[in-house]
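Below is one structure, written out as structure tokens, with a few remarks after it.
Coordinate-derived values only; no laboratory data. In this text the structure is predicted, and so the values were computed from the model without any measurement. Every residue, glycine as well, gets a Cβ built from its backbone with ideal geometry; the counts of neighbours run over all protein chains shown.
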Amino acid sequence: MDKNSIAQIRKEMECCVGQKIQLKANKGRKKTFVKEGVIEHAYPSIFTVCFESDYNSPRKVSYSYTDILTNTVEVKPVTLHMV
């Protein structure tokens, strides 16, 4: 595992703190989890994402930077469409 890649991923996630993203996570056995949320914090080893759940209570989930490096998690910024 290349540490420069993890450092680069960490810097990119730190720049996205507070922004809305679309997160796609591989849950195994051909199951995927796709939700929109906000990156809350970027810590040295993990980053946290807050999702709005069905019952208006926020759900916080943490992922490691190696999840992005191994393509277990994909993060895309959400663009707002003006009508």
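General remarks:
- Highest-MSF residue in the chain out of 34, 17, 49 [GNM, Cα springs under 10 Å]: 34
- Normalised contact order of the chain, rounded percent, pairs of Cα under 8 Å and 6 or more residues apart: 29 percent
- Shown for 79, 66: other C-beta atoms within 10 Å of each C-beta, ranked fewest to most, produce the order 79, 66.
- Looking at the range 6-83, the trypsin sites (Lys or Arg not before Pro) that sit in a DSSP loop and have at most 11 other Cβ atoms within 10 Å of their own Cβ are 29, 30.
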